[in-house]
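Notes to accompany the following structure.
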């Protein structure tokens, strides 16, 4: 699954001869950050979705996936059926339930999109199941990357003997930062997502990214969030383990705790076969999962599941693999795990 190759990213100059530091994937735009924040205030109403008795009596079940478009804080969403294998009576029950939904924190003039799945399974332990409401965004990452302004010089961490001594105790480390831009001419709000590097390295990097600017952000408008990873390699080899592209079945065999998962995905409803880009984040943060080629909202819940899986690798390997990507080839068929 993994092999050693030369480090593919650029290195900071002027630190130590054997120390390489690099953002393995430069800046990553997190376009759905705002959508997730708005969806956190989602109100589902007071009526519970129940199995309509006529369909339950005849053991009529099914599945439906819907796209929700919220255009007003005090109004229900517009509902678009993305995929269905469900009779009209069950679909009517789902649509009636969705008419209760509101996003009271949605600003005037804004629209937020989401995807949700519902399934009805007669005589099961839980007869009605529904997924989380997954907020999605139409923001184009390339436009944001073109807008980003960074300092003309490179960051230069302090190359002290004390730093060199500490780094000898650990071959690899990572500093992952999240930067939220709310105004064109102000520093971003910086959050440390993960930190396994020495303070002498960390602070110069924090000072450096504080100089970033996002001139396309309108003050009081929608904020933009970007994430960046800095990788320390003090192994002396200048090499890292890297991930190979895999088919879905091979990838799942490398996942930790797969026998504890309980899912049922019909890949045939997702315009199969298709490819996904999967970037390592777990267990530190959710993995990033993106589509290779055209976007298809029918894959939203499947991708959300992949975002929470962890590779079965030791901590030392994780420090090398964090932030790296692979392409997962997804065939037609089904993924059924657990009961």
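The values are calculated or read from the model by the stated rules, or taken from the named source; none is laboratory data. Every value quoted in this text rests on a predicted model; they were computed, and no experiment measured them. Cβ atoms come from the backbone with ideal geometry, glycine included; neighbour counts cover every protein chain shown.
Sort out which residues of the range 46-91 are without any contact (Cβ under 8 Å) to a residue 12 or more places away in the chain and in a helix (DSSP H, G or I), and write them in order of number. Matches in the range 46-91: 53, 57, 88. Can you go through 306, 311 and tell me which one is closer than 20 Å to residue 258 by Cβ, touching a helix residue (DSSP H, G or I) at 6+ places or on another chain (Cβ under 8 Å) and free of Cβ contacts under 8 Å to residues at least 60 places away in the same chain? Just a single option satisfies the conditions, and that option is 311. Residue count for the range 291-304, restricted to those that are in contact with a strand residue (DSSP E or B) (Cβ under 6 Å, 6 or more places away or on another chain) and outside any strand (DSSP E or B): 7.
Does residue 187 satisfy being modelled with pLDDT of 85 or more, out of contact with any helix residue (DSSP H, G or I) (no Cβ under 8 Å at 6 or more places or on another chain) and not assigned by TED's automatic domain parsing to the domain that holds residue 102?
Details: modelled with pLDDT of 85 or more: yes; out of contact with any helix residue (DSSP H, G or I) (no Cβ under 8 Å at 6 or more places or on another chain): yes; not assigned by TED's automatic domain parsing to the domain that holds residue 102: yes.
When the stated conditions are applied, residue 187 passes them.
Against the conditions (1) in contact with a helix residue (DSSP H, G or I) (Cβ under 7 Å, 6 or more places away or on another chain); (2) modelled with pLDDT under 85; (3) surrounded by fewer than 21 Cβ atoms within 10 Å (Cβ to Cβ), where does residue 159 fall short? Just the number, please. Condition not satisfied by residue 159: (1). Of all residues in the range 186-223, those that are within 22 Å of residue 234 (Cβ to Cβ) and without any contact (Cβ under 8 Å) to a residue 60 or more places away in the chain total 14.
This table checks each residue for (1) under 23 Å from residue 118 (Cα atoms); (2) more than 12 Å from the chain's Cα centre (by Cα); (3) at pLDDT 90 or above.
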| site | (1), (2), (3) |
| --- | --- |
| 250 | no, yes, yes |
| 255 | no, yes, yes |
| 265 | yes, yes, yes |
| 268 | yes, yes, yes |
| 272 | yes, yes, yes |
| 281 | no, no, yes |
| 295 | yes, yes, no |
| 313 | no, yes, no |
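Would it be correct to say that residue 241 is touching a helix residue (DSSP H, G or I) at 6+ places or on another chain (Cβ under 6 Å), over 17 Å from residue 308 (Cα atoms) and at pLDDT 90 or above? Criteria not met by residue 241.
Condition check for residue 16 on (1) modelled with pLDDT under 85; (2) surrounded by 13 or more Cβ atoms within 10 Å (Cβ to Cβ); (3) in contact with a strand residue (DSSP E or B) (Cβ under 9 Å, 6 or more places away or on another chain); (4) not in a helix (DSSP H, G or I): one failure, at (3).
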